[in-house]
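Report on the structure given below.
The values are calculated or read from the model by the stated rules, or taken from the named source; none is laboratory data. Everything numeric in this text was worked out from a predicted model, so none of it was measured. Quick reminder, even Gly has a Cβ in these numbers, built from the backbone with ideal geometry, and neighbours come from all protein chains shown. Areas reflect the complete protein model, heavy atoms only, side chains present, ligands, DNA and RNA absent. Shrake-Rupley method; radii C 1.70, N 1.55, O 1.52, S 1.80 Å.
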Amino acid sequence: GAWTVGEKRLQKILADLKAGTKEVKAPVQVEPVALDSDGRLAGSSEGMDFNFRSFHNFFDLTNEATMAKLVADCKIACRSQSFWLSASMKPRFALERMARTVFDLHTKGLVQPFDPARSGAEWWVHFRGPQERDGEAIGFHWDRDETYADVTRQNVHPQVATVTYLSDNGAPTMILEQVPIPKGSSFIDKAYLSHPQLGKHVSFDGRLLHGVPPELMAPHVEKKKYTRITFLVNIWVNHLLTDTHPFPEAEVPKFADLDVPCAGTSQPPSQQATVKTPSSSRVRGFAFGGRGEEHELWVPQA
C-alpha cells in the first residue's frame with residue numbers, strides 16, 4: 001500500500017484552508033521504499049564507489065568568458081530548492097549537461113542496469129559569503145528525499161552526493177563518517193575536509209553527515225569579502241525523487257548558450273593528506289537539526 005499524509009498534518013491542512021491563511025499544496029502520496037541492511041536503496045548500488053573521492057580540475061573553468069557566463073547561469077538557478085534531471089531526459093543547458101556528466105561518472109561502474117525513467121541527478125547551486133543572502137555557512141545535515149521523509153518518517157538517501165567548486169573561495173566542505181542516528185551519542189573516528197578549488201569535484205557516500213563550517217576556513221584565506229560558489233549533484237538510482245521537478249521550461253531561454261569542458265572523467269582521483277588530531281586537542285561545537293539544536297557535533301581543532 002501507499003503512505004499518505006498523517007492525521008495531524010491533515011488537520012493542519014484543513015485548518016489552514018478554513019482560515020484562508022496560506023496556499024496549501026495537495027497531500028503527497030508516496031510508495032514505500034525498500035532499503036538494504038546498510039540503509040541504502042535496495043538492489044541499486046552494486047559496483048558504485050561510495051568512498052570519498054576528489055578530482056582536481058574536473059571541469060575546465062580556466063576560460064574567463066566561459067566562467068562569467070556560468071556564474072550568471074548559477075545566479076538564475078540559485079533558489080531555495082533543487083531540480084531533477086532524469087537519466088532519460090536530454091539536458092537543455094550547461095548546468096544540466098554538467099549534472100549529466102557527474103551522473104554518468106558515478107554510475108558507470110554499476111553491475112545491474114538501472115531504470116532511466118526512475119533514476120537521475122538532483123542538482124542545485126549555492127552562493128555563500130559574508131555579503132550573500134544566506135551567509136557563509138551551510139549547516140551540518142544529511143541529504144535525503146525530504147518530502148518522503150516528511151510523509152513516512154523514513155530516511156532515503158542518494159547513493160552518492162557530490163560537490164563541484166565554481167570558485168577558490170570560502171569555507172571547506174566537511175564530511176563525517178556518520179549516518180543518521182535516532183537517539184543517543186556516537187563517536188566519529190574519521191572525517192574529510194575539502195577546501196574550495198576552482199573546477200574541483202568531490203564525491204562521497206550519500207548517507208554521510210556533512211556541512212560547510214566557516215570556523216574551519218584555512219587561516220590564510222581572506223575572510224572579509226568573498227563568494228563561495230558550489231554546484232551540488234546527488235545521484236539517485238532506481239528512486240524517483242519525491243516532489244522534485246526539472247527546471248521550469250519557460251525559464252530555460254534565460255541561460256547562456258554554453259558548454260563547459262570536462263577534463264576529469266578519465267583521470268584517477270587525487271591523493272588525500274591524512275591528519276590525526278591528538279586527544280588533547282581543543283574542540284568546537286556545532287548545533288544542527290530540524291529545530292537547529294536537535295543534534296550536537298563536537299569537532300577537534302587540529
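Assorted remarks:
- Relative contact order for the range 139-190, counting Cα pairs under 8 Å that sit 6 or more residues apart, in percent: 26
- Under Karplus coefficients 6.51, -1.76 and 1.60, residue-wise ³J(HN,Hα) of the range 179-196 in Hz, glycine/proline x: 8, x, 10, x, 8, x, 10, 8, 9, 9, 9, 8, 9, 10, 10, 10, 7, x
- The range 37-129: C-alpha gyration tensor shape, a/c 1.5 cut-off, then a/b vs b/c: prolate
- Largest-first ellipsoid semi-axes for the range 97-178, taking √(5λ) over the Cα gyration tensor eigenvalues, angstrom: 26, 19, 12
- Each eigenvalue of the Cα gyration tensor of the range 93-135, multiplied by 5 and square-rooted, gives one semi-axis; in descending order these are 30, 10, 10 Å.
- Potential lengthening of the chain between Lys75 and Lys108 amounts to 8.8 nm, from the contour at 0.36 nm per residue minus the alpha-carbon distance.
- The range 136-242 - Rg (one decimal) and Dmax (whole number), Cα, Å: 15.0, 45
- Accessible-area composition of the range 41-167, carbon plus sulfur, in percent [1.4 Å probe]: 46
- The mean of 1/r over all distinct Cα pairs in the range 175-220, once inverted, gives the Kirkwood hydrodynamic radius of 12.6 Å.
- Model label sites at Asp134 and Asp115, defined 7 Å from Cα along the beta-carbon direction, differ in position by 3.1 nm.
- Each peptide in 202-214, 72-84 receives the mean, over its residues, of other Cβ atoms within 10 Å, and ordering these scores from highest gives 202-214, 72-84.
- The Cα atoms of the range 59-208 define a convex hull whose projected area, averaged across directions, is 11.0 nm².
- With each label modelled as a point 7 angstrom along the Cα→C-beta vector, the Gln29-Asp257 pair spans 4.5 nm.
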